[in-house]
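The values are calculated or read from the model by the stated rules, or taken from the named source; none is laboratory data. Given the structure is predicted, the values throughout are model-derived calculations rather than measurements. Neighbour counts run over all protein chains shown; Cβ positions are idealised from the backbone, glycine included. To get the accessible areas, we keep the full protein, side chains included, count just its heavy atoms, and leave off ligands, DNA and RNA. Shrake-Rupley method; radii C 1.70, N 1.55, O 1.52, S 1.80 Å.
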Amino acid sequence: VLERLRGVGLRPTRQRLALAKLLFEGVNRHVTAEILYAEAQAADIRASLATVYNTLHQFTTVGLLREIIVDSQRSYFDTNIYDHHHFFHEGSGKLEDIPGDQIVVSSMPSPPDGAKVKSVNVIVRVDG
């Protein structure tokens, strides 16, 4: 985790290291700031909710996480930064990966002048 932070130019503060360990040691997953905050509290990591939000956004900016915005009230942070899409279970709020090759976009609009398409993220909303 230490090398991962240094590799993207982030200073490995005590709080960043602790939150990065919670995020990156284990399987890929989707977390909200509130979920990570609760995990930090349970692990006796002293970090405010604002610090958790700031850290998640810093990790996203440097490419360690991907932010998935499911609606105006909810964002998830995905530790899997590679090409894939998502099922969003509206009842439970669970986000589930869909491999990138399982969705084919057959047509794309031209981007506005001076812009280029960076990525395409598909969220398939399901009941449950």
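Computed with a 1.4 Å probe over protein heavy atoms only, the accessible surface of the chain comes to 63 Å² per residue. For the chain, the antiparallel share of DSSP beta bridges with both residues in that region comes to about 75%.
For the range 13-83, the share of accessible area belonging to carbon and sulfur comes to 50 percent (1.4 Å probe, ligands and nucleic acids excluded).
For Rg/Rh (Cα atoms, Kirkwood Rh), the candidate list reads [x] 1.00; [y] 1.04; [z] 0.95; the entry that matches the value derived from this model is [x].
For the chain, take the longest principal axis of its alpha carbons; what is the angle in degrees between that and the long axis of helix 14-24, to the nearest 10 within 0 to 90? Between the helix axis and the principal axis of the chain, the angle is about 40 degrees. Highest mean packing comes first when the peptides 10-17, 58-65, 116-123 are listed by Cβ atoms within 10 Å, giving 58-65, 10-17, 116-123. Enclosing the Cα atoms of the range 10-73 in their convex hull gives a volume equal to 89 cubic angstrom per residue.
Projecting label points 7 angstrom from Cα along Cα→Cβ for ALA115 and THR79 puts them 3.2 nm apart. Peptide packing for 20-27, 81-88 was compared via the average number of neighbouring C-beta atoms within 10 Å per residue; ordered from the highest value, the list is 81-88, 20-27.
Fully extending the segment from VAL124 to ASP44, taken as 0.36 nm per residue of separation minus the present Cα-Cα distance, adds 25.2 nm.
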